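Report on one structure; see the data block that follows.
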Amino acid sequence: MKILVTGGAGYIGSHTIVDLLQNGFEVVSADNFYNAHPAVFDGIEAITGVRVKNYDINLADREPTLAMFAAEKFAGAIHFAALKLVGESVERPLDYYRNNTNSLLNVMEGLQRQGSSNLVFSSSCSVYGNADELPVTEGTPRKEAESPYALTKQVGEDIITDFCKAVPAFQAVVLRYFNPAGAHASGKIGEDPSNPATSLVPVITQTAAGKREKMTVFGTDYNTRDGSCVRDYIHVEDLAHAHTLALQYLMAGKAPENPALFNLGIGEGLTVLEAIHAFEKVSGVSLNYALGPRRPGDVVAVYADRSKATRELGWKPERGVEEIMDSAWKWQQTLE
Ligand code: UDP
């Protein structure tokens with residue numbers, strides 16, 4: 001069973017490749033290292049013993065993408081490759097619309113041309129915008145996108161929905177990630193964030209490692225337990241395994257809806273201050289943090305109802321905030 005993983009050198013892509021290999025799938029990656037390093041494949045090899053073949057192509061370019069599909073026969077594809085920084089998307093919307101949309105179209109066309117199906121698409125809880133209810137379920141209406149990045153995920157979901165309507169034999173799953181965090185327990189792969197990092201867990205570990213002098217808690221006057229924002233942090237290894245389950249689900253051909261949507265979060269909210277304290281407890285390092293003003297564009301709280309993924313896919317996250325902080329800290333210490 002040969003599976004295409006686009007963005008295979010990326011953070012979630014690399015962990016998913018490990019999980020797929022450990023569950024008997026063959027993997028081919030397509031990644032142009034726009035925001036990743038080729039050394040990731042050394043890490044994957046160190047864990048699994050498998051050297052993964054990678055196509056160094058821009059998936060937004062139709063010709064090389066279709067050439068890859070002419071050269072390889074895939075039983076399915078997991079499409080991670082995308083630009084993903086919310087702030088950058090506000091500054092460079094055309095790049096985001098062009099890249100994220102064209103790459104999806106090309107991957108879908110490639111699969112269709114070879115008579116393949118079984119697409120798993122990386123979406124995001126950002127498609128919910130400022131949701132009216134918490135926790136959000138897959139049926140919670142999507143609200144206006146808060147950024148061009150979020151709009152590319154909404155549009156991606158809609159393109160897949162239209163295509164599945166037109167070609168019902170084309171089966172797809174849409175996975176909506178909450179806040180992926182942590183690293184592989186081996187310490188061989190993890191998140192190599194853009195500089196400077198903006199996501200909470202890399203900011204925490206970089207501060208602890210002395211890579212930044214201090215960090216700021218963005219907002220302490222929200223209507224939450226301690227005034228800081230609430231998010232649903234999901235360990236990247238648990239998230240990775242959900243992709244294996246999603247492929248197996250597609251291949252079993254029993255999905256009652258097409259595309260099938262799933263929230264992937266742990267199902268519990270954690271405040272920023274709780275996350276900081278969890279890190280301090282696990283690492284024994286005292287963090288230099290300041291309480292600061294709100295960050296523009298932040299929603300107050302978002303966390304998942306994940307019961308559908310548990311019911312339909314059999315997905316049960318096994319790791320909590322301690323494993324997230326412990327593995328992220330171990331990984332940070334391997335970075336120079
Ligand atoms: N956050 C923070 N300080 C930082 C980075 C993030 O207080 O240096 C907060 C941020 O305001 C949000 C939460 O941590 O409430 C998660 O932010 P992140 O950027 O990791 O993910 P998002 O939920 O925005 O996708």
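The values are calculated or read from the model by the stated rules, or taken from the named source; none is laboratory data. Here the structure is a predicted model, which means the values were calculated and not measured. Counting neighbours? That spans all protein chains shown, and the Cβs are built from the backbone with ideal geometry, glycine included. Areas reflect the complete protein model, heavy atoms only, side chains present, ligands, DNA and RNA absent. Shrake-Rupley method; radii C 1.70, N 1.55, O 1.52, S 1.80 Å.
Okay, here's what the table says:
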{"quantity": "Boolean, Asp221 is in contact with a Gly (Cβ under 8 Å, 6 or more places away or on another chain) and surrounded by fewer than 17 Cβ atoms within 10 Å (Cβ to Cβ)", "calculated": "yes"}
{"quantity": "Which numbered condition Leu270 fails, given (1) within 30 Å of Leu247 (Cβ to Cβ); (2) touching a residue at least 60 places away in the same chain (Cβ under 8 Å); (3) in contact with a helix residue (DSSP H, G or I) (Cβ under 8 Å, 6 or more places away or on another chain)", "calculated": "(2)"}
{"quantity": "Of residues in the stretch 224-266 being of a type in the set (Asp, Glu) and open to solvent by 50 Å² or more (accessible area, probe 1.4 Å), the one nearest to the ligand (Cβ to nearest atom)", "calculated": "Asp226"}
{"quantity": "Per-region count, the stretch 69-87, residues without any contact (Cβ under 8 Å) to a residue 60 or more places away in the chain and either of a type in the set (A, V, I, L, M) or within 16 Å of the ligand (Cβ to nearest atom) (or both)", "calculated": "2"}
{"quantity": "Residue in the stretch 182-204 that is hydrophobic (A, V, I, L, M, F, W, C), more than 16 Å from the ligand (Cβ to nearest atom) and touching a residue at least 60 places away in the same chain (Cβ under 8 Å) present", "calculated": "yes"}
{"quantity": "Condition met for Asn23 (surrounded by fewer than 24 Cβ atoms within 10 Å (Cβ to Cβ), in contact with an Asp or Glu (Cβ under 6 Å, 6 or more places away or on another chain) and not acidic (Asp, Glu))", "calculated": "no"}
{"quantity": "Which listed residue, of Val107, Val90, is crowded, with 20+ Cβ neighbours inside 10 Å and either at negative phi or away from the ligand (no atom under 13 Å from the Cβ) (or both)", "calculated": "Val107"}
{"quantity": "Single condition Gly43 does not satisfy, out of (1) within 16 Å of the ligand (Cβ to nearest atom); (2) open to solvent by less than 20 Å² (accessible area, probe 1.4 Å); (3) under 26 Å from His184 (Cβ atoms)", "calculated": "(1)"}
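This table checks each residue for (1) open to solvent by less than 20 Å² (accessible area, probe 1.4 Å); (2) within 22 Å of Thr310 (Cα to Cα); (3) out of contact with any Phe, Trp or Tyr (no Cβ under 7 Å at 6 or more places or on another chain); (4) charged (D, E, K, R).
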site: Gly129; (1), (2), (3), (4): yes, no, yes, no
site: Leu134; (1), (2), (3), (4): no, yes, no, no
site: Val155; (1), (2), (3), (4): no, no, yes, no
site: Ile160; (1), (2), (3), (4): yes, no, no, no
site: Lys165; (1), (2), (3), (4): no, no, yes, yes
